[in-house]
1. How long are the three semi-axes of the equivalent ellipsoid for the chain, computed from the Cα gyration tensor as the root of 5 times each eigenvalue, in whole Å, largest first?
2. Give the relative contact order (percent, whole number) for the chain; include only Cα pairs under 8 Å separated by 6+ residues.
3. Tell me the mean residue ellipticity at 222 nm calculated for the chain from its helices only (DSSP H runs of n ≥ 4, each -39500 (n - 2.57), averaged over every residue, nearest 500).
4. Given a Förster distance of 22 angstrom, what is the FRET efficiency for residue 82 paired with residue 61, based on the Cβ-Cβ distance and rounded to 0.05?
5. Among 14, 74, which comes first, second and so on when ranked by fewest other beta-carbon atoms within 10 Å?
């Protein structure tokens, strides 16, 4: 299943991509989990939204493009879909 998903990610037009973490439910592999988080009530590990750069880097590697290039495109895609969002 993951192999098919990865292959699909390679073929989605770059101007149609957005990136998200599936936080808190979908955990990243331990090596990519730069911001470990634990549910205080259950003790179970959670994904953290701050892991977004790790997801971006993995997608860039999978597609064979520099992370910064993909980041610029993803931001343009976001702006095109949602418009300008104030930073702060």
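Rule-based calculations on the coordinates, nothing more; no lab input. Here the structure is a predicted model, which is why all the values come from computation and not from measurement. Backbone-built Cβ (ideal geometry, glycine too); neighbour counts: all protein chains shown.
1. Taking √(5λ) for each Cα gyration eigenvalue gives 24, 18, 11 Å.
2. 30 percent
3. -13500 deg cm²/dmol, from helical runs alone.
4. Working: r = 26 Å, r/R0 = 1.18.
Efficiency, from the Cβ-Cβ distance: 0.25.
5. 14, 74
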